[in-house]
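Note sheet for the following structure.
The values are calculated or read from the model by the stated rules, or taken from the named source; none is laboratory data. Everything quoted here is computed from the prediction, not taken from an experiment. Please note: Cβ atoms are built from the backbone with ideal geometry, for glycine as well, and neighbour counts cover all protein chains shown. Just the protein is used for accessible areas: all its heavy atoms, side chains included, with ligands, DNA and RNA removed. Shrake-Rupley method; radii C 1.70, N 1.55, O 1.52, S 1.80 Å.
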Amino acid sequence: FMVELIVNVGLPLLLLVTGIVTNIMVNRNRARFLAVEEAKYRGRIELLNTKRFPDDLVCEKAVLVTGSVVVANNYFVAFASSWKNLFGGELRGYTKLCEDARRIAIVRLLEDADRYGADKVYNLRIETAMIQGQQRKVAGGVELIACGTAVVTGKQRVHEERISEHGI
């Protein structure tokens, strides 16, 4: 009887607690990672959702930049959300997952823009696509793609020339 109790109750409970603790640790690590990565580009590369460049913009180079991420369905979030479906309300676990995925895609876009020396990204757009899971009506994951036009402006070059003139 005792072995049966351990196998039927104790083991699933242990796995559930392990999953919850692991999920909390992963979320904390992701939050730290995103804070560091976003801070790298804050104030260096401006993100804009406008489709047109300003008329007075001195543009040396413009290039398409992208950043994407695929997030898998988190079964602990799905389990908690299934209870929420019974009573209604916001699915906070999925909201957080989508928000983090959006932030990661934007960080990857900023990394791509930084490789070109861009100081602005115009026409920032974010697209999503569901990836079919093994079970037909359940999403296996979601892909988020951030794209925009990275621009190297003439202002940046003038600033660099002034620095080199003064020997700084």
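From the cross-link list Lys51/Lys120; Lys61/Lys120; Lys40/Lys61, which pairs have alpha carbons spaced over 20 Å apart?
From the list (Lys51/Lys120; Lys61/Lys120; Lys40/Lys61), the Cα-Cα distance tops 20 Å for Lys40/Lys61.
Find, among the GluC sites (Glu not before Pro) in the stretch 60-149, those assigned to loop by DSSP (not H, G, I, E, B) with at most 15 other beta-carbon atoms within 10 angstrom.
Taking the stretch 60-149 and a limit of 15 other Cβ atoms within 10 Å, the loop GluC sites (Glu not before Pro) found are Glu90.
Whose amide H sits under 5 Å from the amide H of Val58, counting only residues 5 or more places off or on another chain, with H placed in the peptide plane?
Gly154, Lys155
Scale the Cα Rg of the stretch 13-142 by the rule-of-thumb value 2.2 N^0.38 Å and send over the ratio, two decimals.
In units of the 2.2 N^0.38 Å rule of thumb, it is 1.33.
Taking the 0 to 90 degree range and rounding to the nearest ten, how far is the long axis of helix 92-115 tilted relative to the main principal axis of the chain, both from C-alpha atoms?
Roughly 30 degrees, rounded to the nearest 10.
So, for the chain, what is the accessible surface per residue at a probe of 1.4 Å, expressed in square angstrom? Don't skip to the end; give the middle numbers.
Values: 11830 Å² over 168 residues.
Ligands and nucleic acids excluded, the figure is 70 Å² per residue.
In whole Å, how far is the Cα centre of the stretch 15-59 from that of the stretch 74-153?
11 Å
State the percentage of accessible surface on the chain attributable to carbon and sulfur atoms; use a 1.4 Å probe and exclude ligands, DNA and RNA.
Values: 7040 of 11830 Å².
Accessible surface attributable to carbon and sulfur in the chain totals 60 percent.
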